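Each reported figure results from applying straightforward, stated rules to the coordinates on display, with no laboratory input. Keep in mind that this is a model prediction, so the values were computed, not measured. As a convention, Cβ positions derive from the backbone with ideal geometry for all residues, glycine included, and neighbour counts pool all protein chains shown.
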Amino acid sequence: MPAPRTKSPQRLLAESGADREGHGLKRTMGLFQLVCFGVGAIVGTGIFVGLSDSVAQAGPAVVVSFVLAAVTCVLTAFAFAELGGAIPVSGSSYSFAYAGLGESTAFLVGWCLLLEYGVSVSAVAVGWSQYVNELLHSLTGLQLPAVLSAGPGDGGVVNLPAVVVIALAAVLLVRGVRESARATAAMAVLKLVILVAFCAIGFTAFKHGNLTPFSPAGLGGIGAGTTAAFFSYIGFDAITTAGEEAKNPRRDIPLAILVCIGVVTVLYCAVALAAIGAIGGGQVGDRPAALSHVVDVVTGSSVGGAVIAFGAVVAIASVVLAVMYGQTRILLSMSRDGLVPRVFEKVSPKTSTPVAGTLIVAVVFALPAAFASLDAVVNLCTIGTLATMAVVNVAVIALRRREPGLTRGFRVPLYPVVPLLGVACCLYLMYETGWTTWLQFAGFLAAGALVYVLYGRRHSRLAAAPEVTPDPAAREPQAV
């Protein structure tokens with residue numbers, strides 16, 4: 001068999017301009033902005049809307065599910081931290097797979113990222129619409145008519161609020177990274193404050209009896225709850241898509257990833273305990289906007305619920321913004337390599353952003369947001385994300401062998417045990433999504449392979465200008 005087309009980290013850096021100034025994207029994001037960007041990408045629909053699904057599966061043991069999902073993320077976060085610092089480019093998982101495993105695998109990873117960064121935007125926007133209605137009801141007693149606030153599968157015609165939030169995010173992204181980073185930071189701080197306030201309110205009504213039985217569905221329920229809880233962590237890897245816009249990516253990207261996972265895990269466990277301890281797992285698992293309901297019950301007023309609903313509206317909007325940012329940067333990297341049309345690599349000289357790519361992404365993913373339901377895509381997003389995370393763990397091993405002299409600001413601890421455990425955890429959670437999701441995912445991958453054969457492989461710039469392997473004896477070793 002012919003060797004896979006791989007692209008060295010050095011070539012990825014050179015082609016992206018990541019190691020020099022004045023080339024397309026601008027370096028404007030420091031550590032604080034990266035952490036806020038990560039929190040902005042993670043904390044949203046998963047905890048504000050998806051908590052009820054996790055609790056319905058695992059009961060009070062959802063706390064264990066959150067921890068297990070976090071362990072999977074942490075194991076893989078080490079891999080992202082190493083590769084994000086060593087190869088600070090916009091392509092994230094796609095670029096890491098290109099360097100470690102070859103072009104065909106990289107294309108399929110980029111294809112899967114359409115689920116994590118693209119289709120999930122549609123799912124998140126649907127969740128945003130639900131909380132907009134909750135906020136309107138809390139403030140005025142009125143709600144948007146179902147015909148304008150839900151897709152056909154949920155008893156409506158078109159989900160207008162979901163389209164609106166995607167359009168607003170696109171406008172902000174087109175204006176510039178600095179403006180987007182400031183907005184994301186402000187929204188991230190606000191939603192953290194609101195979730196901490198929720199915990200304070202929930203724990204005032206905490207009753208130990210509400211935690212029994214702790215695991216009503218046993219280990220199977222905890223496993224299913226872990227898969228559902230994993231959706232709440234999707235987005236932490238989006239930090240690596242800011243590799244070309246971070247001021248000090250080799251130091252800040254690894255640190256930002258690990259800080260985000262730690263903060264979010266503690267927060268999720270606290271929110272779950274506060275909610276279940278206050279009103280019981282049965283009520284939490286039965287309501288999509290569970291956090292607002294908890295506050296209404298505890299305080300006896302709709303005011304607190306309105307505040308939580310407002311926090312959810314802000315939180316979920318920031319997820320749409322951050323995840324759309326990640327999707328446009330993935331497509332930019334793929335376009336540079338010729339694997340998708342060149343329109344996605346065009347960067348505006350005025351705003352230093354991929355304007356055309358951003359608008360295309362907004363239009364394409366506004367359509368399923370307008371007409372699909374949240375449940376229809378959650379499992380597919382989850383399995384696609386887990387697949388890319390497994391590939392990144394494998395890419396760490398491949399690059400340790402192929403590029404031992406590559407400068408790494410952070411190294412995966414206990415190598416190779418940690419990345420292998422990361423792969424095992426990802427595969428287990430993929431198994432828990434069920435055979436129906438596997439069939440959907442297989443069809444999705446088959447479609448991606450067809451697109452690669454018919455378009456990507458033929459237009460590949462690496463095929464037109466193959467990698468030249470230097471004489472190992474002539475290479476100067478790099479500092480580690």
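Any idea what the dipole of the chain comes to, in debye rounded to 20, about its Cα centre with Lys/Arg Cβ at +1 and Asp/Glu Cβ at -1?
Taking the Cα centre of the chain as origin, the dipole is about 1120 debye.
Taking only the alpha carbons of segment 235-298, what extent do you get along each of the three principal axes, in Å, biggest first?
On the principal axes, segment 235-298 reaches 46, 18, 16 Å in Cα extent.
Testing the spin-label approximation: label points 7 Å from Cα along Cα→Cβ at Arg175 and Tyr431. State their distance in nm.
4.9 nm
Normalise the Debye intensity by I(0) for segment 121-205, one equal point scatterer per Cα, no solvent, then take log10 at q = 0.27 Å⁻¹ and round to two decimals.
Evaluating at q = 0.27 Å⁻¹ gives log10 I(q)/I(0) of -1.19.
When Rg is the radius of gyration of the Cα atoms in segment 316-427 and Rh is its Kirkwood radius, what does Rg/Rh come to? Present the calculation step by step, with values, prior to reporting the outcome.
Working: Rg = 17.7 Å, Rh = 16.9 Å.
Result for segment 316-427 is an Rg/Rh of 1.05.
Can you give the charge dipole size of segment 359-438 about its Cα centre, rounded to the nearest 20 debye, using +1 on the beta carbon of Lys and Arg and -1 on the beta carbon of Asp and Glu?
For segment 359-438, the charge dipole is close to 500 debye.
What Kirkwood radius, in Å to one decimal, follows from the Cα pairs of segment 72-174?
So the Kirkwood estimate lands at 16.4 Å.
Could you state the number of Å between the C-alpha centres of segment 286-319 and segment 104-125?
Result: 29 Å between the Cα centres.
Compare the Cα positions of Ile279, Pro9, Tyr431 along the charge dipole of the chain (+1 at Cβ of Lys, Arg; -1 at Cβ of Asp, Glu; about the Cα centre) and return the one farthest towards the positive end.
Looking along the dipole axis, the top candidate is Pro9.
When 1/r is averaged over all different Cα pairs and the result inverted, which Kirkwood radius in Å belongs to the chain? Walk me through the intermediate numbers first.
On the way: mean 1/r = 0.0445 Å⁻¹.
Mean inverse Cα-Cα distance, inverted, gives 22.4 Å.
Direction-averaged shadow area of the convex hull around the Cα atoms of segment 396-449, nm²?
One quarter of the hull surface, i.e. the mean projection, equals 5.4 nm².
Relative contact order of segment 57-188: what whole-number percent is it, with Cα pairs under 8 angstrom and at least 6 residues apart?
With pairs under 8 Å counted, the relative contact order is 12 percent.
Within segment 245-320, report the trypsin sites (Lys or Arg not before Pro) that DSSP leaves as loop and that have at most 14 other Cβ atoms within 10 Å.
Counting only loop positions with at most 14 other Cβ atoms within 10 Å, the trypsin sites (Lys or Arg not before Pro) in segment 245-320 are Lys247.
How large, in Å, is segment 284-372 by the Kirkwood hydrodynamic radius built from its alpha-carbon pairs?
Details: mean 1/r = 0.0634 Å⁻¹.
Hydrodynamic radius (Kirkwood, Cα only) of segment 284-372 equals 15.8 Å.
Per DSSP helix of 4 or more residues, -39500 (n - 2.57); summed, then divided by the residues of the chain. What does that give at 222 nm, rounded to the nearest 500? Numbers along the way, then the final one.
Values: 21 runs with 320 residues, N = 480.
The helix-only estimate for the chain comes to -22000 deg cm²/dmol at 222 nm.
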